[in-house]
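Structure record follows, encoded as structure tokens.
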Amino acid sequence: MILDSRTVQSTPESGARAGYDGAKRRKGSKVHVAVDTLGHLLAAVVTPANEADRGQVDALCERVQQVTGQKVQVAYADQGYTGEDAAYAAAVHDIDLQVIAKPEGQTGFVLLPRRWV
């Protein structure tokens, strides 16, 4: 599976659901998703935009394993999912979290192996 997130801009009526994503300079909600290699949605978690990606690994992995019957073994993610806590959260659900890093000195868009399946 592939893990990623997206910040969705909100309106003033969003109230407590909205947070500020400093990296994207947006106030709103963040949608954390897990998809299979064909892009089919396996699980989604919605949080305020200020929630870190790595903090949602446990919830996503748990939901994916429930939906698939414990069949997912590997998860690919970007650098927002680095850290021992994220790797441990995935390992608890028998998933190997592989963070695909950008090449050093990258400018512009570069197709990364396994990350953009």
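Each Cα pair of region 52-117 feeds into the Kirkwood radius, which the Stokes-Einstein equation turns, at 37 °C and 0.692 mPa s, into a diffusion coefficient of 260 µm²/s.
Summarise the accessible area of region 10-103 (1.4 Å probe, protein heavy atoms) by the percent that is carbon and sulfur. Summing carbon and sulfur atoms, their accessible area is 50 percent of the total for region 10-103. For the chain, the dipole from Cβ point charges (+1 on Lys and Arg, -1 on Asp and Glu) about the Cα centre works out to 480 debye, to the nearest 20.
Run the numbers for residue 23 and residue 9: contour at 0.36 nm per residue of separation, minus the present Cα-Cα distance, in nm.
Stretched fully, the residue 23-residue 9 segment lengthens by 3.7 nm.
So, counting K/R as plus one and D/E as minus one, what does the shell of residues with Cβ under 14 Å around residue 59 add up to?
Summing Lys and Arg as +1 and Asp and Glu as -1 gives -2.
Across the chain, C-alpha contacts under 8 Å between residues 6 or more apart give a mean separation that, scaled by the residue count, equals a relative contact order of 22 percent. For region 2-99, the fraction of C-alpha pairs farther apart than 21 angstrom is 32 percent. A dipole drawn for the chain from +1 and -1 charges on Cβ atoms has a positive end, and of 100, 50, 66 the residue lying farthest that way is 50.
Projecting label points 7 angstrom from Cα along Cα→Cβ for residue 94 and residue 67 puts them 1.9 nm apart. Each peptide among 56-65, 81-90, 95-104 gets the average number of other Cβ atoms lying within 10 Å of its residues, and from highest to lowest they stand as 56-65, 81-90, 95-104.
The values are calculated or read from the model by the stated rules, or taken from the named source; none is laboratory data. Everything numeric in this text was worked out from a predicted model, so none of it was measured. All Cβ positions, even for glycine, are placed from backbone atoms using ideal geometry, and neighbour counts span all protein chains on display. Heads up: the accessible areas ignore ligands, DNA and RNA and are worked out on the full protein's heavy atoms, side chains in. Shrake-Rupley method; radii C 1.70, N 1.55, O 1.52, S 1.80 Å.
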